């Protein structure tokens, strides 16, 4: 027991020490844990770097150029990859800058070209120009150079910006049409000449060479504390040009003071628009003022251009007016609707709707006018116009009316007049309502001659009586009478069909009252059968004829005399007309 007790006390002391350590070191442990998480968590590290990266970039760009050198390959790679991936997007981003630059360059090039053209035209055909051409031929110089020598008072052809201490060329500009040698070599030679003169003639450091004369070319040198401007001048420059050089040099010292002071041999800091603009002011030129006379060739050229422009404008105006007249003709033509029209690439474009019955759009163009049909691009979609003439034409094509029928259209009502069969009239009324532009059909003006003929023929056949002698079954009718009767029956059947009806003829046999009823009934049937056989022999349709024996029960005449009794010994015809549908059923 005594041995176990010290161990328990030791353990209790150790626990207290651990608790004390945790209490004392808890804040540091927490910070250590937070630092570990910050170092191991990429998102937290990126956020921390993003907070200090802008300030680090500004300090690095201000103090040293290592950051730019390090980022240049990466930026170039990113730009190349962006161009390869989506060149259109890169072009859209550069559009606001490239567009004005291109326009400015084109404007300057056109201005220079027009100036050179004007000078060449002015000096080409004049007396002075011919003399200068002879001089160019004699001396072997280009004509443009001879013109420049005679007309130029002075011109600054090249401007060099040189670092004074090191002699390194910082920037170089030249006139547009001046041939330039190696600008760096020229800068080194100027610096060497300065040093040679200073060493050879024991000149002080603040004394410099102001100008160098080489034939008709003069080099003016303007010294500054950190930089030198040298200008190559052709001709006799006025003294005030040195003031321009000095002002440009002072401006560059103000703009680039830090870059001149910390210059280490890299002229990239001076390749800016501000420096170029300042040096551009030194590239001045002045020409001899001579009274300008307009060259006859230039006048002729201008007159030719004016004549060509006037002719072009005149023909364009005539063509435009002809196109407007053509559009008016299209709009006035029935069945043609113009929805869009105007000038297009290489001509005129017309879009619209055209009824198939309308006139050909090209036929409305004046063939002798100034508008060429080849310059017309016509696009007309088909549609159906509701002009009365077009609706009537479609009605005639669909209904195919007989020559005896007239068609007229007014307020959407198609009026039919004349003579036509009833079957055609019914079909025409049904079909006409399906035509666009026809809202109703009026056929009250139609007369059916077949119906009148059918009515008259029915009445005539109903009055027909074929007589027989006493106790005979052979009729008294001769062959012409039977033939005429057969033709009338066939005509009756045809007229009924035209009216959409079915005809049925009942041959009713009769007898007088002299015999027994049974004998009279048999005799009347035989008489009806005889007439049927005669008619069938004449080509009458068997389906048209039916028989009925009436005997003496249905006398044709109620008289008692011999004439009345002779009329009862006969066969009469009953005509029945029904609709074709009822007949089919």
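Worth pointing out:
- Extension gain, residue 379 back to residue 81 (0.36 nm per residue minus Cα-Cα distance, nm): 102.7 nm
- Full extension of the segment from residue 491 to residue 363, taken as 0.36 nm per residue of separation minus the current Cα-Cα distance, would add 40.8 nm.
- Residue 302 paired with residue 189, simple spin-label distance in nm, labels 7 Å along Cα-to-beta-carbon: 4.4
- Stokes-Einstein D (µm²/s) once Rh is taken as the Kirkwood radius of region 450-584 over alpha-carbon pairs, at 4 °C in 1.567 mPa s: 85
- Diffusion coefficient, µm² s⁻¹, Stokes-Einstein with Kirkwood Rh over alpha-carbon pairs of region 301-382 at 10 °C and 1.306 mPa s: 115
- Two-site FRET efficiency, residue 340 against residue 314, from Cβ-Cβ distance with R₀ of 25 Å, rounded to 0.05: 0.35
- Full extension of the chain segment joining residue 546 with residue 17 gains 176.4 nm, where the gain is 0.36 nm per residue of separation less the Cα-Cα distance.
- Distance between the 7 Å Cα→Cβ label points at residue 250 and residue 393: 9.0 nm.
- Sorting 353-362, 219-228 by their mean Cβ neighbour count within 10 Å, with the most densely packed peptide first, gives 219-228, 353-362.
- Between residue 469 and residue 403, the FRET efficiency from the beta-carbon distance, with R0 = 56 Å, is close to 0.65.
- Two-site FRET efficiency, residue 533 against residue 430, from Cβ-Cβ distance with R₀ of 51 Å, rounded to 0.05: 0.75
- Packing-based order for 257-265, 532-540, using average beta carbon neighbours within 10 Å, highest first: 532-540, 257-265
- For region 349-490, the Kirkwood estimate of hydrodynamic radius, built from reciprocal distances between every pair of different alpha carbons, is 20.4 Å.
- Beta bridges assigned by DSSP with both partners in region 388-447 are antiparallel in approximately 50 percent of cases.
- The distance between label points at residue 71 and residue 415 comes to 9.2 nm (points 7 Å beyond Cα on the Cα→Cβ vector).
- Sorted largest first, the principal axis extents computed over the alpha-carbon atoms of region 388-447 equal 25, 19, 18 Å.
Read the figures in this text as sums done on the coordinates, not as results from a lab. Values in this document were obtained by computation on a predicted structure and should not be read as measured data. Positions of Cβ are generated from backbone atoms using ideal geometry, with glycine treated the same way; all protein chains shown enter the neighbour counts.
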